[in-house]
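The values are calculated or read from the model by the stated rules, or taken from the named source; none is laboratory data. Since we're looking at a predicted model, the values are computed, not measured. Here the Cβ is made from the backbone with ideal geometry for all residues, glycine too, and neighbour counts use every protein chain on show. For the accessible areas, the whole protein counts, side chains as well, though only heavy atoms, and no ligand, DNA or RNA atoms are used. Shrake-Rupley method; radii C 1.70, N 1.55, O 1.52, S 1.80 Å.
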Amino acid sequence: DTAVSQTPKYLVTQMGNDKSIKCEQNLGHDTMYWYKQDSKKFLKIMFSYNNKELIINETVPNRFSPKSPDKAHLNLHINSLELGDSAVYFCASSPGQNQPQHFGDGTRLSIL
Amino acid sequence: GESVGLHLPTLSVQEGDNSIINCAYSNSASDYFIWYKQESGKGPQFIIDIRSNMDKRQGQRVTVLLNKTVKHLSLQIAATQPGDSAVYFCAEMSMDSSYKLIFGSGTRLLVRP
């Protein structure tokens, strides 16, 4: 019973395609996040939702659009994929904004 | 701007020894700090956290020390084991940055048998 689960684990696709990554948490947390980890292991927040409301929206290309259908889910849709989008994307959740965040195991996105 | 950095990119220790991983932060308004462990192919795993009203917190084999005067954070791992080999990240958070968790660049810990 994984706490924060992401699908797919690996995603290989061509430049210009549109893809989605799904995230679900069964911890009953109110806040969910998307992070991007680059090839140098640097982790940076992209978005944060609290009770389905967007609260953090970092400087991310508008090709990236998060969607939270309910408190337990936060999906990430990416349009017109570019080579620079290749990275590992992590979903996380926390009970509240100022609480420990629990991470999924990531989605490795590779753009050909 | 806000930044969190680490002094050593790689730390190699003998199994059974104690490990100390250091982290410097630049935002004096940060009031919450977390250490994460990331193993290959996995997501960051919460180890221990500390709030700015404390200067020390202990967990199982781990201790976090916070020195607000010099904006320094450290993670001490007692009796380091092969399973402790991973990349360790410190992260900081403050209300004035909308509670964004800002990660440092990471330290790789290698445990020699």
Loss of accessible area when B meets A, both sides summed, Å² nearest 100, probe 1.4 Å:
1700
Give me the accessible area per residue for the stretch A:4-111, probe 1.4 Å, as a whole number in Å².
47
What residue among A:Lys52, A:Lys41, A:Lys22 shows peak mean-square fluctuation when chain A is described by a Gaussian network model with Cα springs under 10 Å?
A:Lys41
Accessible area drop of at least 20 Å² (1.4 Å probe, protein heavy atoms): which residues of the stretch B:25-59 qualify, relative to the chain alone?
B:Tyr32, B:Tyr36, B:Gln38, B:Gly41, B:Lys42, B:Gly43, B:Pro44, B:Phe46, B:Arg51
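In whole percent, and with a 1.4 Å probe on the protein chains, what portion of the accessible area of the stretch A:4-111 is carbon and sulfur?
The computed percentage sits at 48.
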One point scatterer per Cα, no solvent, Debye formula: log10 I(q)/I(0) for the stretch B:21-89 at q = 0.11, 0.20, 0.23 Å⁻¹ comes out as -0.26, -0.82, -1.03
Points 7 angstrom from Cα along the Cβ direction at B:Ser97 and A:Thr13: gap in nanometres?
3.0
Distance from the stretch B:7-26 to the stretch A:1-30 (C-alpha centre basis), Å:
32
Are there any residues in the stretch A:76-112 with a reduction of at least 50 Å² in accessible surface when going from the isolated chain to the assembly of protein chains? Probe 1.4 Å, please list them by number.
A:Gln97, A:Asn98, A:Pro100, A:Gln101, A:Phe103, A:Asp105
For the protein assembly as shown, what percent of Cα pairs sit more than 29 Å apart?
27
What residues does the stretch B:66-113 have that are buried by at least 50 Å² of accessible area in the full protein assembly compared to the chain on its own, 1.4 angstrom probe?
B:Tyr99, B:Lys100, B:Leu101, B:Phe103
Convert 25 °C to kelvin, take the viscosity as 0.890 mPa s, use the Kirkwood radius over C-alpha pairs of the stretch A:4-111 as Rh, and evaluate the Stokes-Einstein diffusion coefficient in µm²/s, rounded to a whole number.
180
Determine the relative contact order of the stretch A:4-111: mean sequence separation of Cα pairs under 8 Å and six or more apart, normalised by residue count, in whole percent.
38
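Relative contact order for chain B: what is it in percent, counting Cα pairs under 8 Å that are at least 6 residues apart?
Across chain B, relative contact order equals 37 percent.
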Once you list every other residue whose beta carbon is under 12 Å from the beta carbon of A:Trp34, what net charge do they have if Lys and Arg are +1 and Asp and Glu are -1?
+3
Rounded to the nearest whole Å², what accessible area per residue is found for chain B with the 1.4 Å probe?
47
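What percentage of the solvent-accessible surface of the stretch B:71-113, computed with a 1.4 Å probe over protein heavy atoms, is contributed by carbon and sulfur atoms?
Carbon with sulfur: 57 percent of the solvent-accessible area.
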